[in-house]
1. Mind checking which of GLY148, VAL110, PRO127 is farthest towards the positive end of the chain's charge dipole, using Cβ charges of +1 (Lys, Arg) and -1 (Asp, Glu) about the Cα centre?
2. Rounded to the nearest 20 debye, what is the charge dipole size of segment 1-71 about its Cα centre when +1 sits on each Lys and Arg Cβ and -1 on each Asp and Glu Cβ?
3. Rank LEU268, LEU290, LEU224 by how far each Cα sits towards the positive end of the charge dipole of segment 189-312 (+1 on Lys, Arg Cβ; -1 on Asp, Glu Cβ) and give me just the farthest.
4. Accessible area per residue for the chain in Å², computed with a 1.4 Å probe and the full protein assembly in place, what is it?
5. If you project the alpha carbons of segment 12-79 onto their three principal axes, what span does each projection cover, largest first, in Å?
6. Checking the cross-link filter: which aspartates and glutamates have an alpha carbon closer than 17 Å to that of LYS234, excluding same-chain neighbours under 8 positions apart?
7. From the C-alpha coordinates alone, can you work out the Kirkwood hydrodynamic radius of segment 168-259, in Å?
8. Starting at the first residue of segment 229-244, write each ³J(HN,Hα) from the Karplus equation 6.51 cos²θ - 1.76 cosθ + 1.60 with θ = phi - 60°, in whole Hz, x for Gly and Pro.
Amino acid sequence: MMSDAVAMQPVAGDLNGTIQPPGSKSITNRALLIAALAHGPSCLRGALESDDTRVMIESLTRLGIVITHDTNLNWLTVIGAGGRFPRSTAELFVENSGTTIRFLTAALAVSGGRYRLDGVSRMRERPIGPLVDSLAALGANIIAESPGQCPPVRIDSTRLAGGRVKIRGDLSSQYLSGLLMAAPLAENDMSVETEGRLISKPYLQMTMELMRSFGVECCSNDALNRFEISALQKYQGRDYQIEPDASAASYFWAAAAICGGRATVQGLNQQSIQGDVGFTRCLQAMGCELSCDPDSITIVGPAKRGIDVDMSDVSDTVQTLAAV
């Protein structure tokens with residue numbers, strides 16, 4: 001039984017440590033879906049074990065995807081289904097996993113079949129209307145059953161033809177990411193245009209990089225508000241190394257900034273596909289020393305001053321920076 005109290009021992013001196021956090025949840029769930037849709041097997045190395053990734057794995061398994069987990073090596077082997085889910089009907093319970101329901105809603109509606117996706121009571125309060133509206137505009141028979149266009153989501157759709165569609169980008173980048181990852185499943189090319197100010201651009205760039213890594217090119221303009229995906233492309237299974245989670249890494253960099261000393265995070269560099277590595281540049285602006293190697297990023301503290309910063313691209317680290 002967990003204790004009601006946890007004793008915290010204050011740091012007596014400067015920090016000096018090296019750590020590699022677990023894999024990124026955002027990358028793991030994207031890679032799981034894409035690998036499931038790919039032709040041939042994939043090996044996902046360094047995949048995160050969490051509630052959200054477990055829910056994605058359980059949902060894909062119910063859809064007929066074969067996934068095995070090597071707990072010793074922390075590898076997931078996914079046998080891709082070649083663009084169509086083996087089971088054309090399923091009831092999926094996604095608990096409170098936003099990435100799972102948004103990514104799967106798009107993929108299932110585009111590939112076709114009869115599905116219902118539901119979750120916990122909190123999930124039934126999380127809107128999914130912009131994605132549902134865009135898929136309906138493409139011809140999907142899809143509805144969100146709860147008030148305010150919230151889950152459960154019911155899909156009774158044939159494979160979609162593709163074409164042009166608009167989607168809101170000012171509420172969640174996950175709607176757009178889900179639609180883009182599903183686009184190669186359409187029978188014809190798809191053109192996607194965003195409405196409103198696009199938020200969380202690094203997560204969208206992550207999605208495009210994952211698609212590219214598995215063999216599908218998603219072309220966009222510089223403003224990232226128009227995307228073209230050719231239906232002639234197919235995801236190809238591959239070995240893929242998942243980066244450590246940059247949001248989790250931020251706590252260790254922040255500790256060095258607060259207490260002084262050195263915190264090195266391995267497995268990340270400034271070319272990471274995760275926007276949250278930009279948190280280190282915030283700490284650098286606050287007076288910390290930032291050093292980067294090909295396979296690690298180090299922060300030496302303490303921080304010396306406050307800053308004014310737009311964190312719209314690194315929003316998951318806002319609270320961490322506030323503590324610093």
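1. Most positive-ward Cα: VAL110.
2. Using only the charged Cβ atoms, the result is roughly 340 debye.
3. It is LEU290.
4. So the chain comes to 45 Å² accessible per residue, rounded to a whole number.
5. 53, 19, 18
6. Output for LYS234: GLU187, ASP189, GLU209, GLU217.
7. 14.8 Å
8. These are the phi-based 3J(HN,Hα) values: 10, 7, 6, 6, 8, 9, 5, 10, x, 7, 7, 9, 8, 8, 5, x Hz.
The values are calculated or read from the model by the stated rules, or taken from the named source; none is laboratory data. Bear in mind the structure is a predicted one, so any value in this text is a computation, not a measurement. Reconstructed Cβ throughout: ideal geometry from the backbone, glycine too, with neighbour counts over all protein chains shown. SASA here: full protein model, heavy atoms, side chains in, ligands and nucleic acids out. Shrake-Rupley method; radii C 1.70, N 1.55, O 1.52, S 1.80 Å.
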